[in-house]
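The values are calculated or read from the model by the stated rules, or taken from the named source; none is laboratory data. Treat the numbers as computed from the prediction; the structure is a model and nothing was measured. Heads up, the Cβs are rebuilt from the backbone with ideal geometry, glycines too, and the neighbour counts pull from every protein chain shown. Surface areas here come from the heavy atoms of the whole protein model, side chains and all, with no ligands, DNA or RNA. Shrake-Rupley method; radii C 1.70, N 1.55, O 1.52, S 1.80 Å.
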Amino acid sequence: MITLLVVLAVVVVVAATAGLVTTSRRHRLLEPPARPKQGGGRTAPPPSIEVNQGEVEAAEQAEREAQLAVPEAEPEPWVTEPPRLRDRLGRARALLSEAMGGILSRGRVDEEALEEMEEALIGADVGVVATSNLLSGLRSRMAAREITSTAQLMQALRSEMITMLQAGERSLDAGEGSANVWLFVGVNGVGKTTSIAKVAMREAGEGKSVILAAGDTFRAAAVEQLQHWAQRVEVDIVSGAEGADPGSVVFDAVQRAAARNADLVLADTAGRLHTKVNLMEELKKVKRVASKPPGVVREVLLVIDATTGQNGIVQARQFAGAVEVTGVVLTKMDGSAKGGIVLAIESELGIPVKLVGIGEGPNDLVGFDPEQFVDAILGVAGEKAA
C-alpha cells in the first residue's frame, strides 16, 4: 500500500513539472524577440507601444514640415498646343445651333425661314447692320435659285459669315529693330492687364525681348498685377508712382527698350479718368509720346469684354475715334458671350479682331481664325449643312 502511494506521488510531481515547462515555453514564444545585448551585459527591454507611437507621430510631423518647406511648383508659363475655338465656345454654339437647327428641320426655304434666321442672329449679338448684310446676300442667292433647301441655306450662311470676316490684317505687326510699341486700350474690368501678360508670354516664348510699361498709374492694382506677371514671365518692366503721368512711364519704357535693343514695348494704359473726354485726351497724349523716336507705335489694340455685347460696339467706336485702333482683343469668349459681336465689330467699324480670349490660362489668348470661329459658333447646324 505504501509503495502504491509513493508511485502515485511521483506521477503527480512529474505531471506538474511537465505542465510548468510547457507554460513557460508558450510564454517565451509569445514574447517579442530580445534586443541584442548592450554594454554591461544587459539585454535591452522590448520597446513599449507608447514609444512606437511616438516615433510614428514624429516621423509624420517631419514629413509634413518637409512638404511645407518645398515651394509649390510654378505652372508652365506657356504650352505649345493652343486650345481650339470649338472646344471653348460651347455656350455661343448652343445658342445659334438650337435656332439654326430649327430652321434646318423646316425642310423648305422661304421668307419665314429668313425671319427666324434674322431673329437668331440679332439675338446672338451679330447686330442689325451685320445681320442685314448677311440676309441681303442670302436673299440674292435665293432669288437666283442658288439656294433651294435649308441645308443649302445654312451652308450659304456659313460662307457669307466667313467672307464678311476675311477683310483686314489679323497678324500683329512687330516691326523690325527695337522699341516697337503695342498700346493696349480699353475700359477697366475688361481683362486688359491680363491680356498684356498673356501676349508677353507668347512673344517671349517666340524669342522676342519684351519690356512692359505699367501705364495705368491711376490704378495701383493694375501696376502690381503687371509687376507680378513680369516677374513670372521674366521680362523687364517700367512702372512709376501711383498717379504718375502715364506718358512718362511709356516714354521711359521706350528709352529702355532702345538702350537694351528690346524688340517690343507692351504698354498698359488707363481705363478710367474723371470723364470720358479726359480719358481720350490722355490716350492721345500717350500715343504721341510713344511715337517719338526711337519709339514706333505698331499696334493700338482695343480690349473688349465679349460678354458686354452691343455695349462693346459703343466702346470700340469711342476708342477708335480717339487713337486709331488697329485691332481688337476680345476677352471672355468662353463665358456667356454670344459670339456675334465679332461680326458686328468688323462690319460696323471695319476693325479686325486679332486675338480672342477663350479661358483663364496663360495659353488661352489665341489668334483669331474666321473659318474656325464660324464653324465653332454654328456648331451642329453648320456641320449638317456641310
Based on alpha-carbon positions alone, could you give the equivalent ellipsoid semi-axes of region 193-257 from the gyration tensor, as √(5λ), descending, whole Å?
20, 13, 8
Mind ordering 278-290, 300-312 by average Cβ neighbours within 10 Å, highest first?
300-312, 278-290
If Rh is defined by the Kirkwood formula over all Cα pairs and Rg also comes from Cα, what ratio Rg/Rh do you get for region 83-126?
1.06
In the full protein assembly as shown, how much of Glu160 is accessible to a 1.4 Å probe, in Å² to the nearest 10?
40
Surpassing 32 Å at the alpha-carbon level, of the pairs Lys292/Lys338; Lys292/Lys332; Lys208/Lys292; Lys285/Lys338, are Lys292/Lys338; Lys292/Lys332; Lys285/Lys338
Enter the accessible area per residue of region 263-386 (Å², integer; probe 1.4 Å; all protein chains in place).
37
For region 277-386, give the percent of accessible area contributed by carbon and sulfur heavy atoms, probe 1.4 Å, rounded to a whole number.
47
Given that compact globular proteins tend to follow 2.2 N^0.38 Å, what is the ratio of the alpha-carbon Rg of region 249-361 to that value?
1.15
Can you give the local net charge around Glu281? Use residues other than it whose beta-carbon is closer than 12 angstrom to its beta-carbon, Lys and Arg +1, Asp and Glu -1.
+4
Report, please, the projected area of region 287-333 averaged over directions, based on the convex hull of its C-alpha atoms, in nm².
3.5
Using the alpha carbons of region 108-251, what is the convex hull volume per residue in cubic angstrom, as a whole number?
160
Scattering profile of region 261-323 at q = 0.18, 0.19, 0.25, 0.29 Å⁻¹ [log10 I(q)/I(0), Debye over alpha-carbon scatterers]:
-0.74, -0.81, -1.18, -1.37
Net charge, Ala221 excluded, C-beta distance under 14 Å - Lys, Arg +1, Asp, Glu -1
-1
Could you order Trp182, Trp229 by accessible surface area, starting with the largest, using a probe radius of 1.4 Å?
Trp229, Trp182
To the nearest 0.05, how large is the calculated FRET efficiency for Glu360 and Asp87 if R₀ is 22 Å and r is the Cβ-Cβ distance?
0.95
For region 176-230, treating each Cα as an identical point scatterer without solvent, what Debye log10 I(q)/I(0) comes out at q = 0.31 1/Å?
-1.46
Report the accessible area of Ser347, computed with a 1.4 Å probe over the heavy atoms of all protein chains in place, in Å² rounded to the nearest 10.
40
Mind listing the phi-derived Karplus ³J(HN,Hα) values for region 325-330, rounded to whole Hz, using 6.51, -1.76 and 1.60 with θ = phi - 60°, and x for any glycine or proline?
4, 9, x, 10, 10, 9
The long-range amide H neighbours of Val185, using H built 1.01 Å from N in the peptide plane and a cut-off of under 5 Å, are Leu301, Leu302, Val303
Be a star and scan region 120-146 for residues whose amide nitrogen sits under 15 Å from the point 7 Å along the Cα-to-Cβ vector of Gln152.
138-146
Can you give me the solvent accessible area of Val129 with a 1.4 Å probe, rounded to the nearest 10 Å²?
70
